[in-house]
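Laboratory data are not the source of any read-out in this text; all were calculated from the coordinates shown. As the structure is a prediction and not an experimental result, all values here were calculated from the model. FYI the Cβ positions are ideal-geometry reconstructions off the backbone, even for glycines, and counts take in every protein chain you see.
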Amino acid sequence: MAEEIFWEITTPEHAEAQRNCQQWLLARGIERMPMPEHLRSKREAFGYPTDEADIPLL
């Protein structure tokens, strides 16, 4: 689930909730893990960046 919180594509109306979840995980020492291949493929299919360095935290 944490992988989706860090890497999943979101909509503008859900961006704040995703950002809050990311901050909650980071505050508890749960760092961003490598992007799973299924999310990389999904991001690529929708034209979103797939290089982890190009995807900032929200």
| field | Candidate set from segment 2-19 (those that are in a loop (DSSP other than H, G, I, E, B) and among the β-branched types (Val, Ile, Thr)); member that is nearest to Ile55 (Cα to Cα) | value | Ile9
| Pair list, Cβ under 8 Å, 6 or more apart: segment 10-35 residue among the basic types (Lys, Arg), other residue part of a loop (DSSP other than H, G, I, E, B) | Arg19/Leu57; Arg19/Leu58; Arg32/Leu57
| task | Could you figure out which of (1) of a type outside the set (D, E, K, R); (2) part of a helix (DSSP H, G or I); (3) surrounded by 12 or more Cβ atoms within 10 Å (Cβ to Cβ) isn't true of Ile30? | result | (2)
| field | Hits in segment 36-58 - residues which are closer than 15 Å to Thr10 by Cα, without any contact (Cβ under 8 Å) to a residue 40 or more places away in the chain and assigned to a loop (DSSP other than H, G, I, E, B) | value | Phe46, Gly47, Tyr48, Pro49, Thr50, Pro56
